[in-house]
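Take a look at the structure set out below.
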Amino acid sequence: MRALHSIFFVNTGIIFLYFTTNVFAKNSCEFDVKVKQVLLNEGFHRNITYGIVFNTEDEDDDWLYKDCIVAIDQTLPSGVYANPDEMEEFRRNHKLNAIPKNRINIELPTEQSEPSSVYVLGKIKQNKVNLWVPVHARYHKAVSGGGSARNEIEAPKLYLRCPDQRLDLCDKNVLPPVTFLCNGSSKEKCSWKKIPFTMLTDTLIWDVPVGDLEHYYAVALGTALVVVSGSVYLLQAAHDFKAGRVRKAL
Amino acid sequence: MKRVLQFLNVPFEYHIISGVLIRVLLIVYGDIHDKIYDVPYTDVDYKVFSDAARHVLAGNSPYKRHTYRYSPIIAYLMLPNIFIGKNFGKVLFSFFDILVSIALKILVGHQLGATSDKRKVERISVYCALFWLYNPMSIAISTRGNADSLPCLFIILSLFYLQTDTVQGSSKYLLSGILLGISIHLRIYPLAFSFPMYLSLGEYKINRRTSIKDGMLSLLPNVNQIILTFSCIFTLFLLTCSMYLLYGYEFLFETYIYHLFRKDTKHNFSVLFYYSYLTMDQLSFDIVKALSLGFECIILFIFSLTFGCDPKTLPFALFSQAVVLVTYNSVMTSQYFIWFLSLLPLVAHNFKMLPAKASILAMIWISAQGAWLFYAYLLEFKCREVFILIWLKSVVFFCANVFVLGQLIKSYTPGYAFGQIELVAKTKNK
């Protein structure tokens, strides 16, 4: 009886091992993920959108992504920022799940700012996820000749978190886990897996106009002249009013 | 035209009801608009107030909300936003708007006094109050949830108690001073009004034959002036100190110091905008800004002396000072316009000018703004390199402000009352 039991266990063990190695061998955690990153609208206030597709050859293979949550870690250059308060409001209204990684001062010009990062989270539905985050351009210091300054937004990093341990099946050396916030609404930390992907789009380019230092003398002189003449005009008007009242009184 | 007159002449209560309706409708519209469009109807600062109130409710400082640059009182007023509904603040600001209209009507009625038949006085005071009640700017500002109508209310009320006999005896000066103190605590700019308000309570019989000694004596403060000054300073001190004790230096910095040394380089209406942007990293003494500030102070002082010494012309002193404060400010956004638009109804009936000229002046002011807005739109939403054109438009707008104010000073005739009462007086004289 005992021998029978042990044979059974060994057998189940072998079957399980066969199954996992088979799945593992078949998929080898070979992620076939494609990311499209687009900058929408024009002007100083725009949206970055991400279209992420998790490709699988046949339907049996979608186990790797099913019900998983994607986190995008987007680094923004110093000339661009995501407004933490705006993101918090979107989070409150369940429109968007985005969290700033650093403290952000939205009022500083580019030269006094540092590059920052933002996490954007979303759930995979039918092997796809579409994410977006509103971003704003900072003013750049004026330069001689004016023109425009270039902001370049690099490709993001992509992380995955799944409801069970399935990602642990993948080779830990290739995909070391990273720990950061689970979502925007709590301080709880989760373990995320960084996953490789193919970018379908180029680095995003965002040109913003900058002031022209060659205007300095014209602007300084013009401003001063306008302020002085306007002031003299107003003082003259007040003087005339007073003189008129005195004349009437006499 | 007849229809318009018929509408204007309906009882004031009806106007108040329609004013309330317009505001309620716009608050409801704002909610729908915000859900549909990307560019929200609600003011950016309204969210700041609500967030600050959320911090206060959690037992924290309202200054935990980045860019909250107001007195904590506004965050306290916004507390019901969190537990009653997000539109509470807008309703409150609109309610203040209506209060301002009522105060304006009574104040204008008092200005006109018992000079002529009551019906005309009533009619003129209603017309003046409508300048505020139906002003698209005041409606937009309060229904979008901007708190700038709050200091306006306190200034109007301060003037109301100072110039009417609703409260009699010396307590009216006390009340007026307290209200002025509150308004200065909320926003620094009413500080400029304190000088003409103080001057208006004195009696000056200085002429060429007055000896220096008598002249100096007449400048000594009387009891009313002392009451006004002390109640104002005491209120301001009390409020500011208690807020300082609660929130420390952060309160002082965000509410006052930041505004005094504000170096906002993003585009705004101010004539100094492009200059400030080009000189962004120069921290030292700046001749152009010093020149502008110097002239601003001189004009404020001269206007105080010219219009502030007589209680009759005091409202015009405040109005013209408010225009100067906005025009010369190093940062100017459209919300600042209500600093003087709230005072306009108090003086509108004193401008002796043809309606056509009044319309032209209004057109000049509005189109100069429109031109600036067009180029600002090109910059902000189309990324076009139009800084120099925005600067030129801000110069045009500065000139428009100065020119319109100059024309208003020229046509300013105390007691004119839209020409209605004077006409009656003339016919009587005949």
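None of the figures in this text is laboratory data; all of them are computed from the coordinates on show. On a predicted model such as this, the values are computed, not experimentally measured, just so you know. Glycine also receives a Cβ, built like all others from the backbone with ideal geometry; neighbour counts cover every protein chain displayed.
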Taking the alpha-carbon centroid of each part, what is the distance from the stretch B:243-259 to the stretch B:84-135 in angstrom?
34 Å
Between the alpha-carbon centers of the stretch A:36-53 and the stretch A:97-115, tell me the distance in whole angstrom.
18 Å
If each residue's Cβ is checked for other Cβ atoms within 10 Å, how do B:Asp165, B:Asp97, B:Asp214, A:Asp32 rank with the fewest at the top?
B:Asp165, B:Asp214, A:Asp32, B:Asp97
Projected area, mean over directions - chain B, Cα convex hull, nm²
24.7 nm²
For A:Lys248, the aspartates and glutamates lying under 15 Å Cα to Cα, once residues fewer than eight places off in the same chain are dropped, come out as A:Asp240
The stretch B:284-427 shape via C-alpha gyration tensor axes, a/c threshold 1.5
oblate
Unit charges at the beta carbon, dipole of the stretch A:31-211: most positive-side option, A:Tyr159, A:Pro209, A:Val33:
A:Pro209
Please report the antiparallel percentage of the DSSP beta bridges confined to the protein assembly as shown, to the nearest 5.
95 percent
Cα extents of the protein assembly as shown along the principal axes, largest first, in whole Å, come to 129, 58, 55
Step through the residues of the stretch B:68-82 one at a time and calculate ³J(HN,Hα) from phi using the Karplus curve (6.51 cos²θ - 1.76 cosθ + 1.60, θ = phi - 60°), rounding each to whole Hz and writing x for Gly and Pro.
7, 10, 10, 5, x, 3, 5, 5, 5, 4, 8, 3, x, 4, 7
Taking the Cβ of A:Asp73 as the centre, find all other residues whose Cβ is under 10 Å away and add up their charges (Lys, Arg: +1; Asp, Glu: -1).
+3
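Is there a pair in A:Lys123/A:Lys193; B:Lys352/B:Lys410; A:Lys34/A:Lys194; A:Lys128/A:Lys187; B:Lys213/B:Lys312 whose C-alpha atoms are over 18 Å apart, and which pairs would that be?
Pairs exceeding 18 Å: A:Lys128/A:Lys187; B:Lys213/B:Lys312.
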Going through the stretch B:3-76, which chymotrypsin sites (Phe, Trp or Tyr not before Pro) have at most 15 other Cβ atoms within 10 Å and a DSSP loop state?
B:Tyr37
Under a Cβ-Cβ cut-off of 10 Å, what is the net charge of the residues other than A:Ser144 that fall near it, where Lys and Arg count +1 and Asp and Glu count -1?
-2
Measure out, as a whole number of angstrom, how far apart the alpha-carbon centroids of the stretch B:304-341 and the stretch A:181-250 sit.
23 Å
Explain nothing, just the number: dipole magnitude of the protein assembly as shown about its Cα centre with +1 on each Lys and Arg Cβ and -1 on each Asp and Glu Cβ, in debye rounded to the nearest 20.
2800 debye
Proxy reagent accessibility, fewest Cβ within 10 Å first, across A:Tyr233, B:Tyr247:
A:Tyr233, B:Tyr247
Surface/4 estimate of mean projected area, convex hull on alpha-carbon atoms of the stretch B:1-78, nm²
8.1 nm²
Using every Cα-Cα pair within the stretch B:242-316, state what percent have a distance larger than 17 Å.
64 percent
The summed charge of the B:Tyr247 Cβ neighbourhood (under 15 Å; Lys/Arg +1, Asp/Glu -1) stands at +1
Give the relative contact order (percent, whole number) for chain B; include only Cα pairs under 8 Å separated by 6+ residues.
16 percent
As straight-line cross-link partners of A:Lys141, the qualifying lysines (C-alpha separation under 16 Å, not fewer than 8 residues apart within one chain) are B:Lys263, B:Lys266
Run the helix sum for chain B: -39,500 (n - 2.57) per DSSP H stretch of 4+ residues, divided by residue count, reported at 222 nm to the nearest 500 deg cm²/dmol.
-22000 deg cm²/dmol
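How big is the equivalent ellipsoid of the stretch A:31-211 along its three axes, where each semi-axis is √(5λ) from the Cα gyration tensor, reported in whole Å from largest to smallest?
For the stretch A:31-211, the semi-axes come out at 32, 18, 14 Å.
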Using the 10 angstrom Cβ neighbour count as an exposure proxy, how do B:Leu260, B:Leu26, A:Leu76 rank, fewest first?
B:Leu260, B:Leu26, A:Leu76
